[in-house]
1. Of all residues in the range 80-112, which are of a type in the set (A, V, I, L, M) and closer than 19 Å to I28 by Cβ?
2. Tell me the residue from L94, L165, L120, L148 that is out of contact with any Ser or Thr (no Cβ under 6 Å at 6 or more places or on another chain) and either within 18 Å of F214 (Cβ to Cβ) or of a type in the set (D, E, K, R) (or both), please.
3. Keeping to the range 92-123, report how many residues are out of contact with any His (no Cβ under 7 Å at 6 or more places or on another chain) and assigned to a helix (DSSP H, G or I).
4. Under 6 Å by Cβ, and 6 or more places apart or on different chains, what pairs join a residue from the range 159-179 that is in contact (Cβ under 8 Å) with a residue 12 or more places away in the chain and within 15 Å of F90 (Cβ to Cβ) with one that is exposed (fewer than 14 other Cβ atoms within 10 Å of the Cβ) and among the aliphatic types (A, V, I, L, M)?
5. Restricting to the range 48-87, give me the number of residues that are among the aliphatic types (A, V, I, L, M) and either over 12 Å from the mean Cα position of the chain (by Cα) or at positive phi (or both).
6. Quick check on H184: is it over 27 Å from E134 (Cβ atoms) and in a helix (DSSP H, G or I)?
7. Is it the case that some residue within the range 49-59 is crowded, with 17+ Cβ neighbours inside 10 Å, part of a strand (DSSP E or B) and out of contact with any Asp or Glu (no Cβ under 7 Å at 6 or more places or on another chain)?
8. Quick one: which residue in G146, G126 is assigned to a helix (DSSP H, G or I) and either at pLDDT 95 or above or surrounded by fewer than 18 Cβ atoms within 10 Å (Cβ to Cβ) (or both)?
Amino acid sequence: MPQNGVVALIRCDFDSEALELRTAMTVILPDRDTGAPPPVLYLLHGLTDDHTAWSRFTAVERYAAGHHLAVVMPQVHRSFYANEAYGMRFWDFLSAELPETVKQFFRVSGRREETYVAGLSMGGYGAMKWALREPERFAAAATLSGALDLAYIQEHDRRPHMRALVARVFGDRVVAGGDEDLMHLLREADPRRLPRLMLRCGTEDDLLAQNRRFVAACRANGVELNARFGPGEHAWEYWDEQLPAVIDFLLEKS
């Protein structure tokens, strides 16, 4: 067996009670038994991706292998990790059912100190929402090129496909000021209870302004955030380049 190799990259198909259908996740498991269950990272996909995207377009297997890290990549379609007004209960699936399913199927740590969440674009939003709504679950969370101002998208995005998507997911629910609004969650948060937070976004990214607003909101509400902007577009090349630093941050190696 190669040193620091990965024993398994698993596609797991399973029945979801929350979604009332069979769904899937991709899971990376470490190659060696150290006597304790490995720490676990929930790694969330973006709007146009699925549970296979991270393993197809980045070297996440290699990065995780060097840290004895399990990685869980669920499938949530184009849901914004929310309970849809005209669809399925993806928030319930993510926040309640998925961790229990992972615990039943795989030997991974259940300790807050060894549980992390991260994502890109829509998944960056999902990661921050999960961390802010359930801070007791995670030691750290990270967003890459996140769609972090959903209230702005709902109110101001005039692209027909985005307006239709937001209407399907949220219906008549107003995002601003509620539990889907990261800016509201930051205002309501107790900074002492939050996990460590990280943000990375490219300066050529269309979502740059949303990320800058999130940074400003953290600063205004006394929330510590490891934020950095640098050259990069909304593209896999940028996310793959940033992923090792993300994993180091999550595991407190930077």
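The values are calculated or read from the model by the stated rules, or taken from the named source; none is laboratory data. Source: prediction; values computed, not measured. We place every Cβ from the backbone using ideal geometry, glycine too, and count neighbours over all the protein chains shown.
1. Listed by number, the residues that qualify are L94, L98, V102, V108.
2. L148
3. 18
4. Short answer, once both residue conditions are applied: F170/A85; G171/A85.
5. The qualifying residues number 9.
6. Answer is no for this residue.
7. no
8. Of G146, G126, the one residue that is assigned to a helix (DSSP H, G or I) and either at pLDDT 95 or above or surrounded by fewer than 18 Cβ atoms within 10 Å (Cβ to Cβ) (or both) is G126.
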